[in-house]
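FYI, it's all coordinate maths here, none of it is from the lab. No experiment lies behind these values; they were computed from the predicted model shown. Reconstructed Cβ throughout: ideal geometry from the backbone, glycine too, with neighbour counts over all protein chains shown.
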Ligand code: NAD
């Protein structure tokens, strides 16, 4: 316990502005809780509008010098950030389990993934290609180049306290932009703890600022109306994303929106069953289902549905649930009571409409927001979990017989983030992938997230892409020069 307290006492809890940890201008603070114990972990400074202004001033100043550095210099700072995180993986993973509740393996996976964005964008920073060509009619030269877009406001959710931030910070810095990040109030500590490392890596004071706040609408809206801001990059729910898109219109900001999902999984009768079970486990249980990419609806061909359900239920039942800080635990706690109650509601609704509970199904008694790995079979089409994000460790199984019918059902949603397909028949599998209205498809894989790939959704799951080559373009403005010489 005292070791735990010693660790927690090293984590900064003030705002991070201009390279300094400072209390909020009105001295307000809010509590951060451990979802596994419901105990208070820390009291964190809550930013006000005056703090947002101070952060914008700092970022504006720092960006001038940063944008003027060579791509190679920026790249080396980012690479150093990746190296420094490698030395501290255990500490970050522990901190993530404490404030988010997820298990140690998930937390380790997250911090490695989060760090990788610094390495990837260190490599991309020196590859901001342009174009030079002849205009077909006039013969003038068309010169196309990319410039830093300007200050960026970054708003992130609680489900990946490190990775959702680094996925934006790294490309923004690679592009030459300064940023102000507003982490989720549930999980601000990881982002604050990252700042001394960025400083050590050589990120200049003021270039990255962190503003936790209990007044997100007010503070973010204020920043989005400052003329120095040119980009708003948001990860979170579709409902909040819509509001930010409306606000972004006032200053015509470039919006990058990573929003909600409702991922379908299609398991064909010719799927390799080991691959399908492993893939669905990963797609569902990574981050205990609290992921925008989480498998939400599992459609299994009727010929293999019994075998699939039996094997998946065995695998899900074998998982160990408990305090994520214990390395033996597979499944940690959900982030808060609200999330837990939503999961309970989805399960009760599906059961009342005819679904069968194969395992799990009820919240665990006692302290902490624990919901066990749950498999529901025979889930009816009108169950709420078929239409909304479950965001918890619940697999909802339905069956299908016809390929066209299952594609229609998979596409029948306002979301379009990711879908998963399992089949050993590659011709058919590729044809199905191409007919799915999703920004990403996992084919015989339950994991699509990769810093080297363009992550993002179509339809109401978002706008723009994070990671890959595209990730840096979100923070750059294209300039075309028409020249004659
Ligand atoms: P949320 O939308 O409630 O909150 C996200 C962030 O927005 C938080 O920092 C919050 O404080 C802030 N916020 C809330 N209201 C705001 C407002 N009016 N103005 C400005 N900021 C505001 O989402 P959440 O509950 O933290 O996260 C879960 C959601 O995030 C899920 O829908 C999930 O699918 C989505 N998500 C998407 C991706 C993706 O890449 N597509 C990744 C992770 C999570």
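A few comments on the model shown:
- Taking the fewest neighbouring Cβ atoms within 10 Å as the starting point, the ordered list for 144, 208, 32 is 144, 32, 208.
- Every pair of different Cα atoms in the range 105-169 enters the Kirkwood calculation, which places the hydrodynamic radius at 14.9 Å.
- Principal-axis analysis of the Cα atoms of the chain puts helix 49-68 at an angle of about 70° to the longest axis.
- Rg/Rh (Cα only; Kirkwood hydrodynamic radius) as it applies to the range 263-450: 0.95
- Value of [θ]222 nm, deg cm²/dmol, for the chain, DSSP H segments ≥ 4, -39500 (n - 2.57) each, nearest 500: -12500 deg cm²/dmol
- In plain terms, the chain from residue 252 to residue 482 could stretch by 80.3 nm, reckoned as 0.36 nm per residue minus the Cα-Cα distance.
- Computed over the Cα atoms of the range 49-112, the ratio of the radius of gyration to the Kirkwood radius (Rg/Rh) comes to 1.15.
- Going by neighbour counts of Cβ atoms within 10 Å, the residues 53, 306 line up, fewest first, as 306, 53.
- In the chain, one over the average inverse separation of all distinct C-alpha pairs is 23.2 Å, which is the Kirkwood hydrodynamic radius.
- Derived value for the range 416-485: Kirkwood hydrodynamic radius 14.0 Å. Basis is the mean of 1/r over every pair of different alpha-carbon atoms.
- The relative contact order of the range 234-291 comes to 30 percent, based on Cα pairs under 8 Å that sit 6 or more residues apart.
- For the chain, the longest principal axis of the alpha carbon atoms and the long axis of helix 273-285 meet at an angle near 50°.
- Mean sequence separation of contacting Cα pairs (under 8 Å, at least six apart), scaled by the length of the chain, corresponds to a relative contact order of 18 percent.
- Relative contact order [Cα under 8 Å, 6+ residues apart], the range 131-289, whole percent: 20
- For the range 77-138 versus the range 332-373, the gap between their alpha-carbon centres in whole angstrom: 33
- Two-site label geometry, residue 135 and residue 39: point separation in nm, points 7 Å out along Cα→Cβ: 7.0
- Calculated SAXS-style log₁₀ I(q)/I(0) at q = 0.13, 0.23 Å⁻¹ - the range 61-179, Debye, Cα scatterers: -0.60, -1.20
- Paramagnetic label zone (point 7 Å from Cα along Cα-to-C-beta, residue 404; backbone N under 20 Å) in the range 244-280: 266-269
- The overall shape of the range 250-292, judged from the alpha-carbon gyration tensor, is prolate: a/c is not under 1.5, and a/b is greater than b/c.
- With each label modelled as a point 7 angstrom along the Cα→C-beta vector, the residue 443-residue 50 pair spans 5.8 nm.
- Extension reserve of the residue 67-residue 381 stretch, reckoned as 0.36 nm per residue once the Cα distance is removed: 107.8 nm
- Ordering 21, 391 by the number of other Cβ atoms within 10 Å of each residue's own Cβ, fewest first, gives 21, 391.
- DSSP beta bridges in the range 59-214 [antiparallel fraction, %, rounded to 5]: 35
- Each label was represented as a point 7 Å from its Cα along the Cα-to-Cβ direction; for residue 245 and residue 364 these points are 3.9 nm apart.
- Acute angle (nearest 10 degrees) that the helix 163-175 long axis makes with the longest principal axis of the chain, alpha-carbon atoms: 30
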